[in-house]
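One structure is given below, encoded as structure tokens.
The values are calculated or read from the model by the stated rules, or taken from the named source; none is laboratory data. A quick note: this is a predicted structure, and the numbers were derived from the prediction, not measured. Here the Cβ positions follow ideal geometry from the backbone for every residue, glycine too, while neighbour counts run over all protein chains shown. For accessibility, only protein heavy atoms count, side chains too; no ligands or nucleic acids. Shrake-Rupley method; radii C 1.70, N 1.55, O 1.52, S 1.80 Å.
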Amino acid sequence: MSSSEPDRAAPDPRRWKALALLCVAMFVVNLDAQIVLLAIPSIEQDLGFTSGSEQWVLSAYLLTFGGLLMLGGRMADLLGRRRMFFIGTTMFLLASVLCGLAWSGEVLIAARTLQGASAAVMAPTALSILVTTFDEGSERNKALGIWSGIAGFGATAALLVGGPINDLLGWEWIFFLNVPIALILLGLGPVLLRESKGERRNAFDIAGAITVTLALVLLVYAVVEAPDAGWLSAQTLGLIAASIVVFAIFAWVETRSAAPLVPLRIFRNGTLVGGNIVMLLLGMIGFGMGLLVSLYAQQVLGYSALIFGLGMAVMTVMTVFGSAVGQALVTRVGFKPVAAGAMTLLGIGCLLLSRISPDGSYLGDILIPLLVFGPGLGGCYVAATIASQTGVAADEAGLASGINSAGFQIGGALGVAICSTVAASVTGAATGTVAINDGFRAAFIACVVFAVLGLAVALLLRANRPAASPAAPAVEDVPAPRTGAPVHAQAGE
């Protein structure tokens with residue numbers, strides 16, 4: 001059965017259990033993106049990677065994850081959000097098994113490519129299901145606060161468990177760990193999740209799907225390779241130019257498509273655009289800072305991966321705390337002041353880290369910045385997510401979620417690339433902890449600059465009031481928890 005008529009119904013009593021399931025999905029996606037970092041040396045040794053080629057264990061995942069997010073989100077709108085969530089989870093399960101069983105570097109890279117593609121379906125569909133399950137306002141803000149906290153916990157938990165799993169069980173088990181989690185998602189999903197989709201379409205925009213995916217892949221590849229190839233190299237500039245050309249072709253295709261994959265009118269929503277720019281800059285700060293503090297702790301202070309991971313637990317706790325406080329404040333004062341305040345905390349945390357020293361310590365150089373940075377990360381993530389979903393039509397929730405996830409991931413790739421380049425350029429050919437430390441200090445200043453830009457964008461966001469009108473989807477196969485007219489107007493003042 002399908003319905004598109006406004007029909008206010010009681011909230012689904014299972015919505016909080018559904019939220020828990022969706023948070024588990026986001027946890028495992030974020031965990032898997034980070035946990036492989038600590039296993040790279042073991043993987044390189046066992047599978048015989050040539051020098052430099054092991055980076056593709058990371059890059060293959062990033063390319064398909066970042067490149068396919070918008071497509072994955074839009075397919076959820078058109079084909080059914082629950083259906084695409086199950087497809088993505090099944091792909092993720094199979095890819096994880098193949099990663100753990102990989103008998104060569106080529107097989108592992110291929111499996112990681114599939115894993116990134118499956119994550120690009122899971123992440124935006126899970127978020128779009130959340131957005132269409134909870135009405136815009138305080139209840140959705142609370143749900144997104146929980147979602148953001150779990151997302152941050154997944155990324156940091158990778159540093160806590162990755163080392164022990166790799167050392168005690170072997171690198172294969174960082175992938176086999178996903179198997180029981182995926183089985184739980186597939187087992188409980190049919191019970192807790194309702195099917196929903198946007199308005200029916202008679203055709204699928206294949207040209208739009210190909211061009212937007214190609215443009216994003218070219219952009220991500222250019223950014224990932226830039227530190228090694230050089231930002232002004234023919235390769236980097238050529239790839240960026242090609243990405244711009246393909247994006248232009250994509251925009252042209254969309255204006256002429258009867259059923260566009262990405263209706264360009266969605267970008268008339270200034271809150272969506274501003275929220276996603278904040279999310280992009282947040283990704284640059286979060287990923288860049290995470291890389292730098294990890295390298296500083298291990299290369300300068302000499303900590304093991306296990307000890308450093310345990311030290312990062314404090315940021316995990318503070319990120320969850322920041323998410324909880326952030327969602328409560330968004331409901332009371334709006335996402336604009338929360339995003340601005342959180343960006344300020346991120347900038348202060350990175351500024352404190354720019355004072356690290358070669359003979360420093362965890363307590364003297366890292367702990368206080370983490371205590372400041374964590375709440376900023378959690379609060380900014382939830383504020384930017386809420387802003388980017390505000391005023392979005394119900395039948396475009398998946399697309400908006402895909403743009404949101406893509407912004408964070410592409411921002412992360414860009415932040416890591418820029419921070420790596422800054423650190424390497426300052427260190428130059430010099431050796432020793434003093435030179436390495438100087439490079440990291442300069443790169444932390446780059447993160448401060450990102451935060452200043454983020455603060456400026458946050459201050460340009462429209463002020464908002466809590467919205468009372470729902471944005472529920474049309475429903476397929478089973479009755480929806482509620483349906484309502486799409487919210488096309490921005491919530492603002």
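Structural remarks
- Accessible area of the chain belonging to carbon and sulfur atoms, whole % at 1.4 Å probe: 69
- Cysteines without a disulfide-compatible partner [the chain; Cβ-Cβ under 4.7 Å]: C23, C99, C380, C419
- Solvent-accessible surface (1.4 Å probe) assigned to D395 amounts to roughly 20 Å².
- Using Cβ point charges alone (K and R +1, D and E -1), the dipole size of the chain about the Cα centre works out to roughly 1280 debye.
- Exposure rank, largest accessible area first [I109, I244; 1.4 Å]: I244, I109
- Candidate residues L192, L282: accessible-area rank, largest first, probe 1.4 Å: L192, L282
- Between L183 and I348, the modelled labels are 4.7 nm apart [label points 7 Å from Cα along Cα→Cβ].
- Order of exposure, largest accessible area first, which applies to F134, F176 with probe 1.4 Å: F176, F134
- The chain, helix-only ellipticity at 222 nm - DSSP H runs n ≥ 4, -39,500 (n - 2.57), divided by all residues, nearest 500: -25000 deg cm²/dmol
- Size of segment 79-218 as Cα extents on the principal axes (Å, biggest first): 48, 39, 30
- Beyond 35 Å, the tail of the calculated P(r) for the chain holds 28 percent of the Cα pairs.
- P(r) of segment 151-306 over all Cα-Cα pairs, binned every 10 Å from zero, in whole percent: 8, 19, 28, 29, 13, 2
- Percent RCO, i.e. relative contact order, over the chain, from Cα pairs under 8 Å lying at least 6 residues apart: 26
- Taking amide hydrogens as placed 1.01 Å from N in the peptide plane, the amide H of E136 sits under 5 Å from those of A471, each at least 5 positions away in sequence or on another chain.
- Phi angles across segment 167-175 convert, under the Karplus curve 6.51 cos²θ - 1.76 cosθ + 1.60 with θ = phi - 60°, into 3J(HN,Hα) values of 6, 8, 10, x, 4, 4, 6, 5, 8 Hz, Gly and Pro given as x.
- FRET efficiency, I206 to I40 (Cβ-Cβ, R0 22 Å, nearest 0.05): 0.05
- Remark: segment 109-122, residue by residue, has Karplus-estimated 3J(HN,Hα) of 5, 4, 5, 5, 4, 5, 5, x, 5, 5, 5, 5, 8, 5 Hz, where x stands for each Gly or Pro and the curve is 6.51 cos²θ - 1.76 cosθ + 1.60 at θ = phi - 60°.
- Dividing the Cα radius of gyration of segment 31-149 by its Kirkwood radius returns 1.07 for Rg/Rh.
- Full extension of the chain between S361 and I266 yields a length gain of 29.4 nm, computed as 0.36 nm times the residue separation minus the alpha carbon distance.
- Cα gyration tensor shape for segment 213-275, rounded if a/c is under 1.5, else prolate or oblate: prolate
- Estimated FRET transfer efficiency when R0 is 51 angstrom, pair S304-S257 (beta carbons, to 0.05): 0.45
- Distance in nm between pseudo-label sites at V434 and V97 (7 Å out along the Cβ direction from Cα): 5.7
- Three semi-axes of the equivalent ellipsoid, segment 52-109, Cα gyration tensor, whole Å, largest first: 26, 15, 5
- Label separation (A234 vs R14): 5.9 nm, computed from points 7 Å beyond Cα along the C-beta direction.
- Cut-off 14 Å between beta-carbons: net charge of the residues surrounding L292, Lys and Arg +1, Asp and Glu -1: 0
- In the assembled protein chains, K17 presents an accessible area of approximately 130 Å² (probe radius 1.4 Å).
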